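Colleague: Questions regarding the structure given below will be posed in turn.
The values are calculated or read from the model by the stated rules, or taken from the named source; none is laboratory data. Being a predicted model, the structure only gives us computed values, none of them experimental. As a convention, Cβ positions derive from the backbone with ideal geometry for all residues, glycine included, and neighbour counts pool all protein chains shown.
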Amino acid sequence: MKTKAALACVIVPIPALTVDLAVAQSPEASSGGVAAPDNTKSNKLDSNRSPSADDQKNTASDLKITQQIRQSVMSDKTLSSYAHNAKIVAVNGTVTLNGVVQTEAERNSIAQKAEQVVGSDAFRAAGADAQRRSIVLLKNGATPDGALLPVRGTPKLYVEHIAPEIAAGYGQVVQNAEEADLAILRIEAPYEQRDGNFLERLFHAGDLAFKPDELRRILDLVAKVPTIVDIYLDRPAVIPEIAAQSAALLANFGASDTALLDVVFGRCAPSGKLPFELPSSVEAVQRQKSDLPYDSENPLFTFGHGLTY
């Protein structure tokens, strides 16, 4: 069961760093010999699915990160040719260092240089801004005072799957939904656990609809208090009941609690658009043709949908 995506949605996360540099054990490396470094094997896709150069999509932000790290490494003439040839791959803001270096000190030096770039205020701010701008406002319910979002003032908040200490910066966090003025619920698109071939383990698959027990739990909360629902869409989802009964509905493709709450409380206006349809029913998905995009019957939300304020 599936629906089709006609456009990939790439979100730039707050940069992260993975260091997988090995210290060479060869006599040439340990004695300071002149053997040329060979990172050919490490540049291939390994069995653990470590990012390779082929994974880098050469977005402007990824290129800028890798270029700055490479310049920092190459400008340090105390490092060996091994270090200068270390692999640097940035994929959607996440940086992986791989390859062979001469000493543990070189390993630490390269990692420190990369961390200074990846952890810079400028890159972190750009990542956070991209997260906020990528959020899609699917529905903005009405109140006697107008649209619910952006939320004004400091309401009593009941939150699920949001860090209470972060939510406390936007309202008064309460422990029970019955005490709240608003609830904010973060959920993920449903999927079925698969244990088949390696491709199935890499991607979520299966049914696009929530199981009855989980759907009932969500709708019970929505019935108790006006609820803002945010759903993580790594794949489409069938959510007509949630869309109908929620006070407001948003979608994200990888965003922090702070990014979401900034949008909910109007510190940033939503500007994201859906990169695929959200179908209105499982039956509509089953009737889709495998080679045609946008062909589900009466989609709940169409490709490119996204509100703002």
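Colleague: Here is a list: LEU149, LEU185, LEU157, LEU137. Which entry is part of a loop (DSSP other than H, G, I, E, B), of a type outside the set (Ser, Thr, Tyr) and surrounded by 12 or more Cβ atoms within 10 Å (Cβ to Cβ)?
Modeller: Criteria check complete, one pass: LEU149.
Colleague: Among ALA125, ALA105, ALA83, which is of a type in the set (A, V, I, L, M, F, W, C), assigned to a helix (DSSP H, G or I), over 30 Å from ILE228 (Cα atoms) and without any contact (Cβ under 8 Å) to a residue 24 or more places away in the chain? Let's see the steps before the verdict.
Modeller: Values: ALA125 fails: over 30 Å from ILE228 (Cα atoms); ALA83 fails: without any contact (Cβ under 8 Å) to a residue 24 or more places away in the chain.
Selected residue: ALA105, the only one of ALA125, ALA105, ALA83 that is of a type in the set (A, V, I, L, M, F, W, C), assigned to a helix (DSSP H, G or I), over 30 Å from ILE228 (Cα atoms) and without any contact (Cβ under 8 Å) to a residue 24 or more places away in the chain.
Colleague: To continue, here is another question. Looking at (1) modelled with pLDDT under 85; (2) among the aliphatic types (A, V, I, L, M); (3) within 25 Å of the chain's Cα centre (by Cα); (4) not in a loop (DSSP other than H, G, I, E, B), find the lone condition where ALA22 falls short.
Modeller: (3)
Colleague: A further question follows. So which residues in segment 160-182 are in a helix (DSSP H, G or I) and not hydrophobic (A, V, I, L, M, F, W, C)? Steps first, answer last, please.
Modeller: Here is the first cut: in segment 160-182, the ones in a helix (DSSP H, G or I) are 164-167, 177-179.
Selection gives PRO164, GLU165, GLU178, GLU179.
Rundown of residues vs (1) modelled with pLDDT of 95 or more; (2) of a type outside the set (D, E, K, R), yes/no style:
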residue: GLY141; (1), (2): yes, yes
residue: LEU149; (1), (2): yes, yes
residue: ARG152; (1), (2): yes, no
residue: GLN172; (1), (2): yes, yes
residue: ILE184; (1), (2): yes, yes
residue: TYR191; (1), (2): no, yes
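Colleague: Regarding GLY272, is this residue within 24 Å of ASN92 (Cβ to Cβ) and either in contact with a Pro (Cβ under 8 Å, 6 or more places away or on another chain) or free of Cβ contacts under 8 Å to residues at least 24 places away in the same chain (or both)? If you could, list the steps in order and put the result at the bottom.
Modeller: On the way: within 24 Å of ASN92 (Cβ to Cβ): yes; either in contact with a Pro (Cβ under 8 Å, 6 or more places away or on another chain) or free of Cβ contacts under 8 Å to residues at least 24 places away in the same chain (or both): no.
No, not satisfied.
Colleague: Let me ask something else. The conditions are (1) under 28 Å from THR94 (Cβ atoms); (2) in contact with a helix residue (DSSP H, G or I) (Cβ under 9 Å, 6 or more places away or on another chain), and GLU297 fails exactly one of them. Which is it?
Modeller: Unmet condition: (1).
Colleague: Name the residue, out of VAL229, VAL263, that is of a type outside the set (Ser, Thr, Tyr) and assigned to a helix (DSSP H, G or I). Outline the logic, then answer.
Modeller: Values: VAL229 fails: assigned to a helix (DSSP H, G or I).
Just a single option satisfies the conditions, and that option is VAL263.
Colleague: Right, another one. Within the set of pairs 6 or more residues apart or between chains, which connect a residue that is free of Cβ contacts under 8 Å to residues at least 60 places away in the same chain inside segment 296-309 to a residue that is outside any loop (DSSP other than H, G, I, E, B) and surrounded by 13 or more Cβ atoms within 10 Å (Cβ to Cβ) with Cβ atoms less than 6 Å apart?
Modeller: GLU297/ALA284
Colleague: Of GLN112, GLN131, which residue is surrounded by fewer than 20 Cβ atoms within 10 Å (Cβ to Cβ) and assigned to a helix (DSSP H, G or I)?
Modeller: Working: GLN131 fails: surrounded by fewer than 20 Cβ atoms within 10 Å (Cβ to Cβ).
Within the list GLN112, GLN131, the selection yields GLN112.
Colleague: Looking at segment 236-257, can you tell me whether even one residue there is assigned to a helix (DSSP H, G or I), hydroxyl-bearing (Ser, Thr, Tyr) and in contact (Cβ under 8 Å) with a residue 60 or more places away in the chain?
Modeller: The first filter runs over segment 236-257 and keeps only residues assigned to a helix (DSSP H, G or I), leaving 240-245, 257.
Retained after the next criterion (residues that are hydroxyl-bearing (Ser, Thr, Tyr)): none.
No, every residue in segment 236-257 fails to be assigned to a helix (DSSP H, G or I), hydroxyl-bearing (Ser, Thr, Tyr) and in contact (Cβ under 8 Å) with a residue 60 or more places away in the chain.
Colleague: Does THR96 satisfy the condition of being within 20 Å of the chain's Cα centre (by Cα), farther than 29 Å from GLU277 by Cβ and not aliphatic (A, V, I, L, M)? Explain how you work it out, then say what you get.
Modeller: Details: within 20 Å of the chain's Cα centre (by Cα): yes; farther than 29 Å from GLU277 by Cβ: yes; not aliphatic (A, V, I, L, M): yes.
Judged against the criteria, THR96 is a match.
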